[in-house]
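Quick notes on the structure that follows.
Any read-out appearing in this document is the output of simple, stated calculations on the displayed coordinates, not a laboratory observation. Not measured: the values here are computed from a predicted model. Because the Cβ atoms are built from the backbone with ideal geometry, glycine has one as well, and the counts that use them run over all protein chains shown.
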Amino acid sequence: MTSSNSVVLAIGTKKGLWLARSDDRRNWQISAPHFLMQEIPSIAIDTRRAVPRILVGVRSEHWGPTVAHSDDLGASWIEPEEGSIKFGPQDDAALERIWQIQPAGQHEPDVVWAGCEPISVWKSVDGGEHFELNRGLWDHPHRAEWGAGFGGAAAHTVLPPVEDSQSMLVAMSTGGVYRSEDGGTSWQPRNHGISAYFMPDPQPEFGQCVHKVARDAGSPNTFYAQNHHGVYRSDDNAESWKSIAVGLPADFGFVMLSHPHRAGTAWVIPIKADGERIPPEGKLAVHRTDDGGEHWKRLDTGLPQFEYNVVLRDAAGVDDAETAGVYFGTRGGSVYASADEGENFTEVISHLPDVLCVRAAVVN
């Protein structure tokens with residue numbers, strides 16, 4: 001970060017969106033709530049543009065879900081009159097929730113992807129204002145067998161192609177990891193090595209409850225996955241996965257983050273088990289690896305001594321500074337920030353509704 005830059009921190013909750021700004025990632029100015037009493041399960045801060053665009057998945061109990069965007073850092077919001085994501089009459093489906101909003105790479109400056117419930121993936125070519133259903137995934141013969149995780153049927157991870165590639169990844173709960181080699185036209189399951197202990201066949205082709213996947217900064221073919229019991233890495237573009245859970249206090253959790261610039265660095269936030277969804281021993285901690293999961297370091301400086309609320313899959317994020325900032329929020333409404341990659345945390349705000357999504361980015 002430079003003196004002319006600041007960080008925008010967007011916090012989506014069960015009852016609205018809060019935006020925070022900081023020049024040092026320690027002291028924050030926090031806005032009044034936006035979209036008060038509406039659920040915000042997904043956020044993206046698109047910094048590919050000259051003026052950053054904030055996109056939010058908004059879910060109203062009355063009006064349903066849509067994508068709204070702001071080109072002035074939250075001073076005003078735009079929502080398409082006819083909605084941004086809509087199934088057609090032939091699809092026999094209604095949009096329930098927008099779980100993920102993911103801008104593509106710099107080589108596709110107007111492309112934005114969305115992952116939704118029911119399990120589906122959508123593509124926008126106008127910066128996230130209007131989306132088209134990805135028919136390859138929607139018409140996949142496996143779709144009838146994909147199930148719903150505890151929170152719903154979620155296409156929660158979309159990792160778009162990097163430059164000079166058409167390879168992309170989608171992960172869903174439940175269904176597992178699927179890869180496309182043609183930019184989304186066709187999809188194949190890629191779950192070899194990921195356990196589904198709760199199924200009759202614990203190593204099925206698909207059906208795994210993958211909670212989150214992140215791509216390594218050093219290689220477009222290296223990925224990290226947090227599973228429903230299991231933490232994994234793939235070094236061969238998701239052809240196979242191996243466990244990297246040794247050294248963690250628990251292999252259950254929802255969060256998986258990777259460093260924006262440095263290879264081998266990722267973060268998880270362990271939870272004791274699916275039957276006891278609390279931090280191990282009620283002690284909240286982030287764990288970081290700097291060697292691709294061979295070793296893990298516990299990070300809890302500045303965090304509360306006891307915390308029995310969990311961190312949901314998208315309620316954590318990293319910014320794009322060279323020394324990455326790490327951010328997360330709990331279901332108890334506390335949000336924490338670290339300016340030094342998790343070594344030290346400070347509380348940004350407390351007593352919010354359930355935190356569902358956290359995103360941060362460096363802006364001018």
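What separates the Cα centres of segment 226-262 and segment 7-51 is a distance of 27 Å. Close amide H partners of L356, meaning residues 5 or more places away or on another chain with modelled amide H under 5 Å apart, are G12, T13, K14. Using only side-chain charges placed at the Cβ, +1 for Lys and Arg and -1 for Asp and Glu, the dipole size of segment 169-303 relative to its Cα centre rounds to 420 debye.
Annotation: the residues I78, I278, I45, sorted from fewest to most other C-beta atoms within 10 Å of their own C-beta, follow the order I78, I278, I45. Given +1 at the Cβ of Lys and Arg, -1 at the Cβ of Asp and Glu and no other charges, the dipole of segment 6-363 around its Cα centre is 760 debye to the nearest 20. For segment 224-332, the residue among A250, G275, W296 whose Cα projects farthest onto the positive side of the dipole built from Cβ charges is G275. Comparing segment 145-265 with the 2.2 N^0.38 Å rule of thumb, its C-alpha radius of gyration ratio is 0.99 (two decimals). Each of S338, A104, M172 was placed along the dipole of the chain (beta-carbon charges, centred on the mean Cα), and the one lying farthest toward the positive end is S338.
Think of each Lys and Arg Cβ as +1 and each Asp and Glu Cβ as -1; about the Cα centre, that makes the dipole of segment 1-147 roughly 600 debye. The fraction of all Cα pairs in the chain landing in successive 20 Å bins from 0 to the largest distance is 32, 62, 6, given as whole percents.
At 222 nm, what value in deg cm²/dmol follows for the chain if DSSP H runs of at least 4 each add -39500 (n - 2.57) and the sum is divided by all its residues, to the nearest 500?
Working: 1 runs with 4 residues, N = 364.
0 deg cm²/dmol, from helical runs alone.
Remark: W267, W28 ranked as W28, W267, counting other beta-carbon atoms within 10 Å and listing the fewest first. Our coupling estimate for segment 283-294, obtained by passing each phi through the Karplus curve with A = 6.51, B = -1.76, C = 1.60 and θ = phi - 60°, is 10, 6, 7, 9, 10, 10, 10, 10, 9, x, x, 5 Hz, Gly and Pro reported as x.
With the gyration tensor restricted to C-alpha atoms of segment 11-163, the semi-axes of the equivalent ellipsoid amount to 26, 18, 14 Å, longest first.
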